[in-house]
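So the structure is just underneath, and the comments pick up after that.
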Amino acid sequence: MASPWSAPAFMKDSGNMLQGGSLLPQYRQAWAKYYTKFIAAYEAEGIPIWSISVQNEPMAKQTWESMLYTAEEERDFLRDHLGPAMHAAGYQDTKIVVWDHNRDMMVHRANVIFGDPEASKYAWGMGFHWYETWAGFEPMFDNVARVHEAWPDKVLLLTEATVEKFDRAQLQRWSNGERYGTSIIHDLNNGASAWIDWNMLLDENGGPNHVGNYCFAPLHADTRTGELVYTPSYWYIGHFSKFLRPGAHRVGVASSRSNLLATAFLNADGRLATVVMNPTGEAITYNFYVGTASTRITIPAHAIQTVVK
């Protein structure tokens, strides 16, 4: 999946690729062509592009490359320029994802874009990030469910997540993994079909990064020693990527205790995979039921486990 962060500076009202700014109307068609030329260039190098988003974080004025779209501007650009340009270039099967920003405003963005039939026909789905907590509030998982209920034909996927404020001394901080597990379970249970980490591999400093925005990753490579460091988020992601296979369907799962999180998927081979997470400081023994069959299982404190039947 590819996501643009800014048009060239000359195409923007700010004249700057950094610090937000908006696309000038006279360059909308030219900018739409950039997407198709980008895809063609990557294909020429043997790298197929499965999906694109219209814009990374279109409501964020950042110190790094960024560009702003209102909901109406994104709708119109998709409907009148990007969608037709992709089709004209033969990329009608390349998925176009809208929004690609935090859960907080995804309902409004979905209603504006998906509510326009001409724009909606080009939009395969909606991407969202997990950074709405920047304002000090809790993750807004319910907004994922609201969009899924209102627009069930659109695919929802988390398109970026990372733990910020890198600290080399905290590479094995277990709560980083728990943040992943909590988000993935809630997002899947609320209608998301996929979940994409931002950086699979970073160096020993949480980079490289040209603006000092250093982050944690599932894997860190120490370029001084050649060591590959596996962090807790790697193992948490593995419980989903290893056991929930392509083509799996989410099935109903419920916990009778609020201290356990769970999601369950029926794989194409008929095997049921249930991921259970215990974010508490105590081991918990629970009864696991599938139909009339049951068993007792203990999950350690601050643990994640997958039960396959």
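Where a number appears in this text, it was derived from the coordinates with a stated rule and is not lab data. Just so it is clear, the model here is predicted, and its values are computed rather than measured. Cβ sites come from the backbone with ideal geometry, for glycine too, and all protein chains shown count toward neighbours.
Things to note:
- Linear extension gain, K61 paired with A150, 0.36 nm per residue minus alpha-carbon span: 29.1 nm
- Spacing of the two label points (7 Å from each Cα toward its C-beta) at I196 and Q305, in nm: 3.4 nm
- Between helix 232-241 and the chain: long-axis angle, C-alpha atoms, 0 to 90°, nearest 10: 90 degrees
- Additional length obtainable on full extension of the chain from E227 to N111, 0.36 nm per residue less Cα span: 37.0 nm
- Length available on full extension from R296 to A2: 0.36 nm per residue minus the Cα-Cα distance, which gives 101.4 nm.
- Of K33/K61; K12/K61; K37/K61, those spanning more than 21 Å from alpha-carbon to alpha-carbon: K33/K61; K37/K61
- Average Cα contact separation per residue, region 73-205, under 8 Å, 6 or more apart, as relative contact order %: 24 percent
- A value for mean projected area of the Cα convex hull in nm² was derived from the coordinates, and within the list (i) 19.1; (ii) 16.0; (iii) 18.0 it appears as (iii).
- Neighbour-limited loop hits for chymotrypsin sites (Phe, Trp or Tyr not before Pro), region 67-139 (at most 14 other Cβ within 10 Å; DSSP other than H, G, I, E, B): F137
- Summing Lys and Arg as +1 and Asp and Glu as -1 over all other residues whose Cβ lies under 10 Å from the Cβ of A7 gives a net charge of +1.
- Think of each Lys and Arg Cβ as +1 and each Asp and Glu Cβ as -1; about the Cα centre, that makes the dipole of region 1-131 roughly 40 debye.
- Distance from the Cα centroid of region 55-125 to that of region 168-198 is 25 Å (rounded to whole angstrom).
- When +1 charges are put on Lys and Arg Cβ atoms and -1 charges on Asp and Glu Cβ atoms, the dipole computed for the chain relative to its Cα centre reaches about 700 debye.
- Beta bridge orientation in the chain: antiparallel %, DSSP, nearest 5: 55 percent
- Förster radius 30 Å - calculated FRET efficiency between F38 and H210, Cβ distance, rounded to 0.05: 0.90
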